[in-house]
1. Calculate how steeply helix 83-97 sits against the longest principal axis of the alpha-carbon atoms of the chain, using the helix alpha-carbon long axis, and give the answer as 0 to 90 degrees to the nearest 10.
2. State the Kirkwood hydrodynamic radius of region 146-301 in Å, one decimal place, computed from all pairs of distinct Cα atoms.
3. Please arrange 121, 218, 76, 237 by counting, for each residue, the other beta carbons lying within 10 Å of its beta carbon, fewest first.
4. Defining a contact as two alpha carbons under 8 Å apart and six or more residues distant in sequence, what relative contact order in percent does region 1-151 show?
5. Before rounding to the nearest 500, sum -39500 (n - 2.57) across all DSSP H runs of length at least 4 in the chain and divide by the residue total; then give [θ] at 222 nm in deg cm²/dmol.
6. Note down the nm distance, to one decimal, between modelled labels 7 Å out along Cα→Cβ at residue 13 and at residue 96.
7. Please give the helix 254-268 orientation as an angle from the longest Cα principal axis of the chain, in degrees from 0 to 90, rounded to the nearest 10.
8. Could you list 226, 15 so that the one with the fewest beta carbons within 10 Å of its beta carbon is first and the one with the most is last?
């Protein structure tokens, strides 16, 4: 069974979603260059959830008029299935990715009503960096630590909220060429930025749960949708498909993830050379939630 969007067939199937913990932080600096450099460093090695450290992605750019201190900034979203690794890696990433960068500050930007747990900076390696010269104070209506550095004070909010969120929103773009697949994936991810509180990204690795030959593996290549393995038993690559990209969406709320998937599919299907959109599921081993692709287009815009 299938339906069509912009003339492109969409397989009537579903992806599996799962519950995660999410934190959102805002890093600011004296200008856009250093805010971005710090954000990129902080999210390092955060592309995939299959091995530590926890996932981390730049969610959005914040203009000076949108930040507490009136400076350029970037919002970073952190994701982990479990709260303890989330808390550990949040502290490590801030300490190694934000503190060393020029004129940086960091604030909690998780909607307060969504926070269910908190990470307190007091007693962590971040506070200890101040070596007793740090101060607790209040600025911009926020409780912060002022930690001395050689270029002034590093400001960090005293605690960061953690909310329950949704991960696993996913679809596959099948295309006639590398160029078409890449262009469609780029446009799909860019379109997700119109939906608040979500992160969209795409992957070439195309993971599946477990392994067919390496039984103890947590995740392995999605051989079913590898064009280089077309013709192998179990392959679902139609004739003429040369490249596949996996678009992944996570966020604070299921409705946000669903809406972002919808706009992403709409964007991808407008690219010449895209032949089909589908997704993958694994008998509930990835997650117990479901997002049927057809249901996305029952949503009101």
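1. 70
2. Values: mean 1/r = 0.0579 Å⁻¹.
It is 17.3 Å.
3. Listed from fewest to most nearby Cβ atoms, that is 218, 237, 121, 76.
4. Working: 235 pairs, mean separation 35.1, N = 151.
Relative contact order of region 1-151: 23 percent.
5. Numbers: 6 runs with 64 residues, N = 301.
Roughly -6500 deg cm²/dmol at 222 nm, from the helical runs in the chain.
6. Computed distance between label sites residue 13 and residue 96 equals 3.7 nm.
7. In the chain, helix 254-268 runs at an angle near 60 degrees to the longest axis.
8. Numbers: 226 16, 15 25.
Fewest-to-most Cβ neighbours within 10 Å comes out as 226, 15.
The numbers here are math on the coordinates, done by the rules we state, and not lab data. These numbers come from a predicted model, not from an experiment. Note that each Cβ is placed from the backbone with ideal geometry, even for glycine, and that neighbours are counted across all protein chains shown.
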